[in-house]
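For reference, the structure discussed in these notes is given below.
Any read-out appearing in this document is the output of simple, stated calculations on the displayed coordinates, not a laboratory observation. This structure is a prediction, so every number in the text was calculated from the model and none was measured. Here Cβ is always computed from backbone atoms with ideal geometry, including for glycine, and neighbour counts include all displayed protein chains.
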Amino acid sequence: MSFTFIDLFAGIGGFHQAAKFFNGKCVFASEIDKYAQQAYFQNYHIRPEGDITQIPEQEIPKHDFLFAGFPCQPFSIIGQQKGFSDTRGTLFFDIARILKAQRPPYFILENVKQLSTHNGGKTLQTILRVLNELGYKTWHKVLNALNFGLPQKRERTIIVGTLKDQLDFKWPEKQALMKPLSQIIEPEVDKKFYASVEIQNKRKQKHKSQFDLAIWHENKSGNVTSYPYSCALRAGASYNYLLVNGERRLTPRETLRLQGFSENFKIVCSDYQTKKQTGNAVPVPMIQAVLEEVLNAKAEIERLQTAQNSAIIPSGVLPQANNRSNMQEISL
Ligand SMILES: C[S@@+](CC[C@H](N)C(=O)[O-])C[C@H]1O[C@@H](n2cnc3c(N)ncnc32)[C@H](O)[C@@H]1O
């Protein structure tokens, strides 16, 4: 089951890792940040093109899937009920113009959880309206990495789209088992990862953890909590906001593991850049689970079409996509 894909806002390739699992072939990637480009090239042997706003849509190769974890920009200019041109000036517009020109049969988009509620839901409604105007049927939902085996609470808005109206897409089921932190945390790490004794003491005065191994989280108002999983990794977070057992920062390998990247992923950038990259990345098993459902639904349609072509089943019995009202639900 092979397919081609393009990886927009590619970062370090969370979508790429998920697609590779199903033998997907990357035919184009775009990423503006030179360090993320280096990491992408060293890991996947594809050099991402730069700024997507400068790349004409006609120059992008044909593909089956468009993947894009587009940056969360202020969407204040959209939501005015106008549609395609209304999104001009946002990076979503670049996704839309590529979909319009290339018409890939499927896409998966990812953004922060807040996209679903921004501007009273109007931002997401504008995005969905534009996608629908372009001929795509869409499903959207907020998914949490914790439900896909990763010990990280990371909620993301996922939008799936298809040009094929009959696709019977279902959201993946929650996975029962979460990888324990003991499989994420490195037993011995360089002393540079340890917070100062002063910071460690301050945290421990404020908080007692009920877990032997936990990631401590300090929020903006100074409250400290700890769980046997991590709060969401963030690209621009303060240095010590997550500390293993209140003592040390996560290593680059640990942050990659928290996002579900393979152990073979080569770390080629500084600790600072890798922290930024992993904070921006999409959780691999979450996308893998969504992609698997799209591929299963696609295979089912193809199976039914083949059967219909060989007249095994009468025409008109291809399933129509379910209009499940719960598909729009935000379940956390
Ligand atoms: C939310 S991150 C996506 C990360 C990616 N999904 C991953 O798994 O690593 C958004 C990425 O878009 C990149 N970016 C921002 N503006 C861009 C542009 N105009 N053209 C190409 N890439 C851009 C950023 O550098 C960042 O790496």
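Mind telling me which of Thr255, Thr306, Thr138 comes out most flexible in a GNM of the chain, alpha-carbon contacts under 10 Å? It is Thr306.
Straight Cα distances below 24 angstrom link Lys62 to the lysines Lys20, Lys25, Lys100, Lys137, Lys164, Lys298, with same-chain residues fewer than 8 positions distant left out.
If you average 1/r over all unlike Cα pairs in the range 142-212 and invert the result, what Kirkwood radius do you get in angstrom?
That comes to 16.5 Å for the range 142-212.
When Lys and Arg each count +1 and Asp and Glu each count -1, what net charge do the other residues less than 13 Å away from Lys164, Cβ to Cβ, add up to? Let's see the in-between values first.
Details: positive: Arg103, Lys137, Lys298; negative: Asp64, Asp165, Asp168, Glu300, Glu302.
Net of charged neighbours comes to -2.
Mean-square fluctuations from a GNM of the chain, with a 10 angstrom spring cutoff on Cα atoms, peak among Ala237, Ala176, Ala96 at Ala176. With each label modelled as a point 7 angstrom along the Cα→C-beta vector, the Glu173-Asn132 pair spans 3.1 nm. The HN-Hα couplings worked out from phi for the range 250-260 by the Karplus form 6.51 cos²θ - 1.76 cosθ + 1.60 (θ = phi - 60°) are 6, 7, x, 5, 5, 5, 5, 5, 5, 9, x Hz, whole numbers, x standing for Gly and Pro.
Per-residue extension of 0.36 nm, minus the Cα-Cα distance of Asn201 and Gln125, leaves a gain of 22.6 nm for this segment. The Kirkwood radius of the chain, taken over pairs of alpha-carbon atoms, gives through the Stokes-Einstein law at 25 °C and 0.890 mPa s a diffusion coefficient of 116 µm² s⁻¹. Grouping the Cα pair distances of the range 181-280 into 5 Å bins from zero gives a pair-distance distribution of 2, 13, 24, 26, 21, 9, 3, 1 percent in increasing distance order. For the residues Ala36, Ala307, Ala297, a GNM of the chain with alpha-carbon springs under 10 Å puts the largest fluctuation on Ala307. Sorted ascending by nearby beta carbons within 10 Å, beginning with the fewest, His16, His207 become His207, His16. Within the range 120-227, the GluC sites (Glu not before Pro) that combine a DSSP coil assignment with at most 16 other C-beta atoms in a 10 angstrom radius are Glu173, Glu188. Extension gain for the segment Glu292 to Asp165, taken as residue separation times 0.36 nm less the Cα-Cα distance, is 43.9 nm to one decimal. Karplus-derived 3J(HN,Hα) values for the range 111-124, using 6.51 cos²θ - 1.76 cosθ + 1.60 with θ = phi - 60°, are 7, 5, 4, 5, 4, 5, 10, 4, 6, x, x, 5, 4, 5 Hz; glycine and proline are entered as x. Each label point was placed 7 Å from the Cα along the Cα-to-Cβ direction; for Glu188 and Gln210 their separation is 3.4 nm.
Each residue of the range 183-188 was assigned a 3J(HN,Hα) from its phi angle through the Karplus curve 6.51 cos²θ - 1.76 cosθ + 1.60 (θ = phi - 60°); the sequence is 8, 9, 7, 6, x, 10 Hz, with glycine and proline shown as x. Normalise the Debye intensity by I(0) for the range 93-206, one equal point scatterer per Cα, no solvent, then take log10 at q = 0.20, 0.22 Å⁻¹ and round to two decimals. Treating every Cα as an identical point scatterer, log10 I(q)/I(0) equals -1.11, -1.23. Projected label points at Glu247 and Lys266, each 7 Å from Cα along the beta carbon direction, are separated by 3.3 nanometres.
Within the set of other residues whose C-beta is less than 13 Å from the C-beta of Ser226, count the net charge using Lys and Arg as +1 and Asp and Glu as -1. Mind dumping the intermediate values first?
Values: positive: Lys153, Arg203, Lys204, Lys206, Lys208; negative: Asp212, Glu218, Glu247.
Here the charged neighbours net out to +2.
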